[in-house]
There are 2 protein chains.
Amino acid sequence: MTTALQTEAPAGCRPGAFGNATHLVCRACGAKSPLGPFYACLECFGPLEVGYEYPEITREQIERGPKSIWRYASLLPVPADIATFRSTDPGFTRLVDARNLADDLGLKQLWVKDDSGNPTHSFKDRVVAVALSAARELGLQVLACPSTGNLANAVAAAAARAGIKSVVLVPSNLEQQKILASAVYDTTLIAIEGSYDDVNKLASEIAGEEEGWAFVNVNVRPYYAEGSKTLAFEIAEQLGWRLPDQVVIPVASGSQLTKIDKGFTELIKLGLVEEKPYKIFGAQATGCSPIVQAYQAGQDVVAPVKPDTIAKSLAIGNPADGPYVLDVVRRTGGKITDVDDATVVENIQRLARNEGIFGETAGGVTLGVTAKLINDRDLDPSAETVIINSGDGLKTLDAVADKVGPKTTIPPRYDAFEDFWKAAK
Amino acid sequence: MTTALQTEAPAGCRPGAFGNATHLVCRACGAKSPLGPFYACLECFGPLEVGYEYPEITREQIERGPKSIWRYASLLPVPADIATFRSTDPGFTRLVDARNLADDLGLKQLWVKDDSGNPTHSFKDRVVAVALSAARELGLQVLACPSTGNLANAVAAAAARAGIKSVVLVPSNLEQQKILASAVYDTTLIAIEGSYDDVNKLASEIAGEEEGWAFVNVNVRPYYAEGSKTLAFEIAEQLGWRLPDQVVIPVASGSQLTKIDKGFTELIKLGLVEEKPYKIFGAQATGCSPIVQAYQAGQDVVAPVKPDTIAKSLAIGNPADGPYVLDVVRRTGGKITDVDDATVVENIQRLARNEGIFGETAGGVTLGVTAKLINDRDLDPSAETVIINSGDGLKTLDAVADKVGPKTTIPPRYDAFEDFWKAAK
């Protein structure tokens, strides 16, 4: 396979369908494949990712773009005219200068990248938007996924907006609120009598059997995963085109963490930010911490676990990017560690109390791990730190149900209020 | 009272504490009062609003500002350095080019201003941010409100971020999910054994008795209400600095509708947009439609009703801005009308299905009314239309609970899927 061949759009696709992306490359053996609906290397069955041949790209070009991930279109496997297509236009979420939380933790400078501001209130809108573009350019007609929540919301909403069919597979015992928040978009929501692992397996089977389906996290996964790079791009741009010293990232499959590293690396290579060392830290819940276990054992291979944690959006027992997460945290001088569910809940409250940000359980995991890393002197308190809040507390209300509530209940009379207030002061 | 006196900051406030605002003015009798924690006219007890003496303000000045409501600081009663204070930095939410929905409704051009993208996912973040600034500048130490949901979320989050005390009063029979989504910010949430009207009455009593309290929608209401002008400013700027032909706005107290009109008027006066006629339409739920009833009866006075609708965020039976809403819709050639709860639910689904936007019940009211106005030929289908989605469907999941769900439930086997899929096609 030659590079010349790979720079062309795949058969049947229009020229420029994937922007500056030129090929797929195996993350295990490095073999190149042409762009297409492929996710496994033909040589070694390793996972494929998107490769590029970038022209010169300037900050000004990016800054002139829309206030969404599409300002980074030239750094994604999407066409240059992507913003003219109907999508949920995610991204460009707030980077919050978290001064209260920094004081609480004893950090000099802390930022919270708050992805609860995305259209369906999680970072999944980013990856789904890129997968949707790939599906459209490849002529696939159904956008699909196995999911337990955030991804289902994002796929159903994006497909509705784009006017294409979607199919979402969920475990039949999923909480009704998560079913409603996807089904409202009129997606074909199929409840599967089984665990999430059963759902996942069935999804792979369907992806193999059915023509024209884009399972966002299966057969178009190489494109999908690139969407997470936009978190790195936005952090750098919002800091004034520079990289932070330390980043703490929630880890499920591990894709978000490895792609934030890829994003930073690309910005340096393109001269969009000054080269500097940065450390990447991973955060897992103790009840699903297979990568932490491998890290602590000094291993390169991640042994699957059976998840048991309230942090359902991170509960992937067999993380696809496990070895790559280990590589990134070791290479950058970071670490991956975990906190238990009680600590997760405390840290949901801590984020809300300090910054007015109600994160989902994954946010509690990330902040809890951040505090632990500070205590263990793994994070430098004087170095500039960014943490990711990847989703919204409204989707995981149960986590705090026993912990917060009214301070009192009184009759509607001023004297009753006065008695309470005097005692409270 | 002279104008000279009113241009100064109130006693004890720093110069420029309220930006270009110079006085309060009675909306009933026109009498002027100095800036301060006042909300009722001393002459006639009419409601006060903020008056300004604007310098020249340019589009370029605004466009250089932050990507939040603070880009319009010069048009709000806030200091020029407002963006340096800790707030939730709301606003600059998406204006969605709703082409699917436009086709569905038979409209030529429709935009959805999607305020579910705000920090606590409703437009209340806008008004609370301005009220918080007024409270701080006036030296008030407690941010408070009576509320049944969105406002409580916004007050609790904003106070947490600003690092000041907050007190939120809610009816004790409020849904637990709404209590959790406020209490998580560690606000002093007080449950009141009574109806929302009882809660509201108690809040006014506390505002009168306690020193140093800022009840956002009571004693700092003139400042609070100005926050809704930012919806008008953003719509105009996002359209490329021009006004739409028609706007459909949900109506509870009516403040949002009257302030959007005020915002458009100010933009014209300042030469920031070209002068042109626009029509403003109001949307209520039939179960709480006191202003619609007054409109249809040709009256100027609004008789209170007892609310009975699923659109709880619009369920104000005695709307403070009722007469002013009637004035705006009549003066601009618009109208105010209502839809029943079944139509509200259908239109929550219609918005989600077409545009991937999951609005709360108020969004269903607004879209339902829009469709009704088109059917009744009150809205011109060839004129450019904007509708407001003021909140998030995740907060009113119960509304769709009986309407949406899985299309099927199957065992985790490909043949089971295949049977379903063949039949579905």
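A:THR22: of a type in the set (S, T, N, Q), farther than 27 Å from A:SER122 by Cβ and surrounded by 18 or more Cβ atoms within 10 Å (Cβ to Cβ), yes or no? Judged against the criteria, A:THR22 is a match.
Criterion applied to A:ASP125, A:ASP104, A:ASP115 was being free of Cβ contacts under 8 Å to residues at least 40 places away in the same chain and either more than 20 Å from B:PHE358 (Cα to Cα) or more than 8 Å from every other protein chain (Cβ to nearest Cβ) (or both), and the one residue passing it is A:ASP125.
Only one of the listed residues (A:VAL142, A:VAL130) is of a type in the set (Val, Ile, Thr) and surrounded by 24 or more Cβ atoms within 10 Å (Cβ to Cβ). That residue is A:VAL130. Restricting attention to segment B:391-413, the residues that are in a helix (DSSP H, G or I) and either crowded, with 17+ Cβ neighbours inside 10 Å or more than 14 Å from every other protein chain (Cβ to nearest Cβ) (or both) total 7.
Out of all the residues in segment A:386-396, is one or more small (Gly, Ala, Ser) and more than 26 Å from the chain's Cα centre (by Cα)? For segment A:386-396, residues small (Gly, Ala, Ser) and more than 26 Å from the chain's Cα centre (by Cα): absent. Looking only at residues in segment B:49-86 that are polar (S, T, N, Q) and over 18 Å from the mean Cα position of the chain (by Cα), the one that is nearest to the other protein chains (Cβ to nearest Cβ) is B:THR84.
Would a scan of segment B:305-320 turn up a residue that is modelled with pLDDT of 95 or more, in the same structural domain as B:LEU367 (by TED's automatic domain parsing) and touching a Phe, Trp or Tyr at 6+ places or on another chain (Cβ under 8 Å)? There is no residue in segment B:305-320 that is modelled with pLDDT of 95 or more, in the same structural domain as B:LEU367 (by TED's automatic domain parsing) and touching a Phe, Trp or Tyr at 6+ places or on another chain (Cβ under 8 Å). From the list A:VAL305, A:VAL365, the one residue that fits, being among the aliphatic types (A, V, I, L, M) and surrounded by 21 or more Cβ atoms within 10 Å (Cβ to Cβ), is A:VAL365. As a summary of the residue check, A:ALA236 satisfies the conditions (1) under 26 Å from A:GLN141 (Cβ atoms); (2) surrounded by fewer than 24 Cβ atoms within 10 Å (Cβ to Cβ); (3) of a type in the set (Gly, Ala, Ser) except for the one numbered (1). Within segment B:214-258, being basic (Lys, Arg) and closer than 21 Å to B:GLY368 by Cβ holds for no residue.
Pairs meeting the criteria (first residue in segment A:46-64 and among the charged types (D, E, K, R), second residue exposed (fewer than 14 other Cβ atoms within 10 Å of the Cβ), beta carbons under 9 Å, at least 6 apart or on different chains) are A:GLU53/A:THR3; A:GLU56/A:GLY271.
Of the residues that make up segment A:26-38, is at least one more than 30 Å from B:TYR185 (Cβ to Cβ), surrounded by 20 or more Cβ atoms within 10 Å (Cβ to Cβ) and at pLDDT 95 or above? No, the conditions are met nowhere in segment A:26-38. Where strands (runs of 3 or more DSSP E) fall wholly inside segment A:272-390, the ranges with 1 or more residues that are of a type in the set (Phe, Trp, Tyr) are A:279-285.
Of note, B:ILE388 does not satisfy the criterion of being crowded, with 18+ Cβ neighbours inside 10 Å and within 14 Å of chain A (Cβ to nearest Cβ). Given the criteria of a type in the set (A, V, I, L, M), surrounded by fewer than 16 Cβ atoms within 10 Å (Cβ to Cβ) and closer than 28 Å to A:PRO66 by Cα, does B:ALA80 qualify? Against the criterion (of a type in the set (A, V, I, L, M), surrounded by fewer than 16 Cβ atoms within 10 Å (Cβ to Cβ) and closer than 28 Å to A:PRO66 by Cα), B:ALA80 qualifies. Once segment A:270-289 is narrowed to residues that are hydrophobic (A, V, I, L, M, F, W, C) and surrounded by fewer than 23 Cβ atoms within 10 Å (Cβ to Cβ), the residue that is farthest from A:SER74 (Cα to Cα) is A:VAL273.
The sole residue among A:TYR414, A:TYR324 that is of a type in the set (Phe, Trp, Tyr) and closer than 27 Å to A:SER255 by Cβ is A:TYR324.
When we screen A:ASP340, A:ASP327 for residues that are closer than 16 Å to A:GLN256 by Cα, surrounded by fewer than 21 Cβ atoms within 10 Å (Cβ to Cβ) and not hydroxyl-bearing (Ser, Thr, Tyr), the only hit is A:ASP327. Restricting the first member to segment B:226-243 and to residues that are within 18 Å of B:GLN61 (Cα to Cα), and the second to residues that are not in a helix (DSSP H, G or I), the beta-carbon pairs closer than 6 Å and six or more apart or on different chains are B:THR230/B:GLY91; B:ILE235/B:LYS113; B:ILE235/B:VAL386; B:ALA236/B:LEU243; B:ALA236/B:VAL273; B:GLN238/B:LEU95; B:TRP241/B:VAL273; B:ARG242/B:VAL273.
Among residues of segment A:39-77 being at pLDDT 95 or above, part of a loop (DSSP other than H, G, I, E, B) and of a type in the set (D, E, K, R), the one that is surrounded by the most Cβ atoms within 10 Å (Cβ to Cβ) is A:GLU53. Within segment A:154-179, if we keep just the residues that are surrounded by fewer than 24 Cβ atoms within 10 Å (Cβ to Cβ) and at pLDDT 95 or above, the residue that is farthest from B:VAL404 (Cα to Cα) turns out to be A:ALA162.
The values are calculated or read from the model by the stated rules, or taken from the named source; none is laboratory data. Model, not experiment: these values are computed from the prediction. Neighbour counts run over all protein chains shown; Cβ positions are idealised from the backbone, glycine included.
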